[in-house]
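Asker: Mind looking over this structure? Questions follow.
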Amino acid sequence: MVDIRPAAAEADPRPPTRNDAPSHRPTRAEGGLLLAAIALAVLPVVVATVRAASRGWLPVGDNAYFAIRARDVLTEHHPLLGTWTSASVSAGTDFNNPGPLLFDLLAVPAKLGDEVGVAVGAALLNCLALVLIAVMARRRGGVATAALATLVAVTLAWSMGSELLFDPWQPHSLLLTFLLVLVLVWSLACGDVVALPLAVGAGSLILQTHLSYAVLLAALGLWGAVGLALALRRQRRLDEEAWAGTRRQVVRMGGVAVLVLVLAWSQPLIEQLTSDGQGNLARLAGNAGDSAETIGPQLGTQVVAGVVAAPPWWLRPSFGQTLQPAADGALGPGYDVRLPDLPGTTAAIALLALLSLFLALAGWWGRRQHDRATWTAAITAGVALAAGLVTAWSLPVSFLGIAPHQFRWLWPVAAFATLALALVAQRTLEGRGPRLGLPVVLVVLVAVMSALTLPTSNTDAGPAADAWAIPVVHRLNDGMAALEGEGPLVIDLRGIRFAEPYSGPVMAELQRRGIAFLVDDEGMERQMGPSRRLRDQEAQRLLIREGDDAAAVLPGARRVVLVEGLDRDARRELDALRSAVESHLATLDVVRLDDRGLTVQAAGRLPVPLPADPEILVGSRLLLELVEDDLLSHDDPWHDRFARYAELQRRWDRQTVGLFLAPLDWEPS
């Protein structure tokens, strides 16, 4: 009997695999969903920026430095380096972040957009990152994977809050770009050479702008290179006929990546070769790891676990609350560091081990399913987590203690780990139900998160915490017309508090008005460039004062601008309240602290005993701090009076600003 059944097809020696290479071109419906996801993701960034511009946003605090240096691009003050870094203090040597790429990217909008231009530039950078995240994720697994990655990205934007989506300060402006870098490294590990020049460019931007990413980028870059090499070797072994075309693409993309690398690092190299004395790259290399005190494995592990593995994880409100000092803790060298809402050491290790187990299971599942996109995402997340731990352990404790901005990279790392785990669910559900059912659901979720991100939300982190100063700066800028024709002016920062929000905007307004300004402090020279260093020029000093000092006569100086933080009626009310408060304190044998105040005092953050003289308590502003931190125990009738006094006093102290001109040889009396 003749067997008329068809012969079995020859077995294909290649195991089935998914997404070694970009998937099919999207259909019209898939393309529409992808565009919808992208539009929804960038919408909160656009809305927040337009809203800020309509409300008169301008850069205050450190944000003003980014506006100044971005406008310096291609001028006589062209920056070859990034901003001065606070790591200089712990190292004992002034140096800068490696390069000026962020200034270069912000230059055009900063020059064309007046005060708000630098915010527009930061917003455009975030929009570009969101678009590329969606596009590269689609290349990993189609529109469903793109929608999932976009959902994670817009959730990260929601966690940050709307007011940080246009913030040029580098700890905030780099977050979505770093999430993009993680997606690009994942793509490299999948064998997508198109990601190579993008990864080199985005990685260079981040490394040049913030040194905290150095270990992370080194580890991710190594994994990306190894993963790409392994993927390409596999492609060549499985399909020799197609390898010729792949090799041409590798050569082409590799050449573009080398060109991007050379262009990105040419300016720091020029500075290194032409600098007077030791160049910045040599300073960085010579001072690597020289911090006298580091955060260490115990606390570093707790911080990492607190963001990536413990509720509320990387979601709101963690961005604004994690790493904020507890009332009974002190941040800084030599102090007992206590941070709220962090897991204990044992719990932190257990939580990180559990997360690592989940990532390992996701990778194992991906290997079993021959799904390269899933298991490489799990490995990428694992590499980022391990490098994050090393980074957290080795970060320096500066004179400021443990600064939250040192750890902002944790949020993109945690977001990508979530994406890697969610991929397993997405791949499992794919193919069940209508073809576009899962992508539609994910795009709807993107729409929900986008809507939640639209309302104004300020986490009061970095310069954004000084948004209250923007109206004051507008009035200050209006008064600075009196300085035209007075330059060059030496910016004298003696006598003002650390991290005040006004000196940067003052310099930015001088620049905008074309009034030359100079600096004679080494740290400010590193910040503003050697071309602004005071040498033999004829110049005057420009002094900045706040509060009572701004309204007082400054011996040997002439006040040219005064902005008062209180109107006449509010000032009279403050004077009356201050007199009443001093009289009330004089009737007390001792200023009484509540239980929380006693705890803070026992921790060494308040003097023992408190000053008994009411004038000292009020004049030193110690009473103001006690009231604002709610550390006093007093009768109810006085609670509202103390609160009102503190409100008016703080407004006067922070929102009263004066500018003074003085001779170059002026010294504080």
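The values are calculated or read from the model by the stated rules, or taken from the named source; none is laboratory data. The shown structure was predicted, so the numbers you read here are calculated from the model rather than taken from an experiment. Note: ideal-geometry Cβ built from the backbone for every residue, glycine included; neighbour counts use all protein chains shown. The area values use the complete protein model at the heavy-atom level, side chains included, leaving out ligands, DNA and RNA. Shrake-Rupley method; radii C 1.70, N 1.55, O 1.52, S 1.80 Å.
Asker: From the list ARG535, ARG526, ARG512, exactly one residue is surrounded by fewer than 18 Cβ atoms within 10 Å (Cβ to Cβ), of a type outside the set (A, V, I, L, M, F, W, C) and part of a helix (DSSP H, G or I). Which is it?
Answerer: ARG512
Asker: Here's another thing I want to ask about it. Assess whether ASN458 counts as being under 30 Å from TRP169 (Cβ atoms) and assigned to a helix (DSSP H, G or I).
Answerer: So ASN458 does not fit the description; no.
Asker: Okay, moving on. Restricting the search to the range 35-85, which residues are in contact with a Lys or Arg (Cβ under 6 Å, 6 or more places away or on another chain) and surrounded by fewer than 23 Cβ atoms within 10 Å (Cβ to Cβ)?
Answerer: Answer for the range 35-85, where residues must be in contact with a Lys or Arg (Cβ under 6 Å, 6 or more places away or on another chain) and surrounded by fewer than 23 Cβ atoms within 10 Å (Cβ to Cβ): ARG71, TRP84.
This table checks each residue for (1) surrounded by fewer than 23 Cβ atoms within 10 Å (Cβ to Cβ); (2) farther than 24 Å from LEU74 by Cα.
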position	(1), (2)
PRO98	no, no
ALA107	no, no
ALA110	no, no
MET136	no, yes
VAL143	no, yes
ALA146	no, yes
THR150	no, yes
TRP158	yes, yes
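Asker: A further question on this structure: Which one of ALA305, ALA310 is closer than 26 Å to ALA381 by Cβ and outside any helix (DSSP H, G or I)?
Answerer: ALA310
Asker: Counting only residues that are of a type in the set (Lys, Arg) and not in a helix (DSSP H, G or I), which one in the range 473-505 is farthest from the chain's Cα centre (by Cα)?
Answerer: Looking only at the range 473-505, we keep the residues that are of a type in the set (Lys, Arg), and these are 475, 494, 497.
This time we only want the ones that are not in a helix (DSSP H, G or I), so: 494, 497.
Numbers: ARG494: 28, ARG497: 23 Å.
This residue is ARG494.
Asker: Considering each of GLY547, GLY495 in turn, give the residue that is surrounded by fewer than 18 Cβ atoms within 10 Å (Cβ to Cβ) and not hydrophobic (A, V, I, L, M, F, W, C). First the steps, then the outcome.
Answerer: Values: GLY547 fails: surrounded by fewer than 18 Cβ atoms within 10 Å (Cβ to Cβ).
Result of the check over GLY547, GLY495: GLY495.
Asker: Could you please find all residues in the range 465-492 being open to solvent by less than 10 Å² (accessible area, probe 1.4 Å) and either among the acidic types (Asp, Glu) or within 16 Å of ARG651 (Cβ to Cβ) (or both)?
Answerer: ALA469, VAL472, VAL473, LEU476, ASP492 - these are the residues of the range 465-492 that are open to solvent by less than 10 Å² (accessible area, probe 1.4 Å) and either among the acidic types (Asp, Glu) or within 16 Å of ARG651 (Cβ to Cβ) (or both).
Asker: Would you be able to say whether some residue in the range 446-460 is free of Cβ contacts under 8 Å to residues at least 24 places away in the same chain and either open to solvent by less than 60 Å² (accessible area, probe 1.4 Å) or among the basic types (Lys, Arg) (or both)?
Answerer: Within the range 446-460, one or more residues are free of Cβ contacts under 8 Å to residues at least 24 places away in the same chain and either open to solvent by less than 60 Å² (accessible area, probe 1.4 Å) or among the basic types (Lys, Arg) (or both).
Asker: Given the structure, is ASP192 of a type in the set (D, E, K, R), more than 30 Å from THR27 (Cβ to Cβ), in contact (Cβ under 8 Å) with a residue 40 or more places away in the chain and outside any helix (DSSP H, G or I)?
Answerer: So ASP192 fails the test.
Asker: Of everything in the range 583-634, what is in contact with a strand residue (DSSP E or B) (Cβ under 8 Å, 6 or more places away or on another chain) and open to solvent by 80 Å² or more (accessible area, probe 1.4 Å)? Give them in sequence order.
Answerer: ARG592 - this is the single residue of the range 583-634 that is in contact with a strand residue (DSSP E or B) (Cβ under 8 Å, 6 or more places away or on another chain) and open to solvent by 80 Å² or more (accessible area, probe 1.4 Å).
Asker: What are the pairs, 6+ residues apart or on separate chains, where a residue within the range 486-507 that is farther than 12 Å from ALA64 by Cα and touching a residue at least 60 places away in the same chain (Cβ under 8 Å) has its Cβ under 9 Å from a residue that is among the aromatic types (Phe, Trp, Tyr) and assigned to a loop (DSSP other than H, G, I, E, B)?
Answerer: ASP492/TRP666
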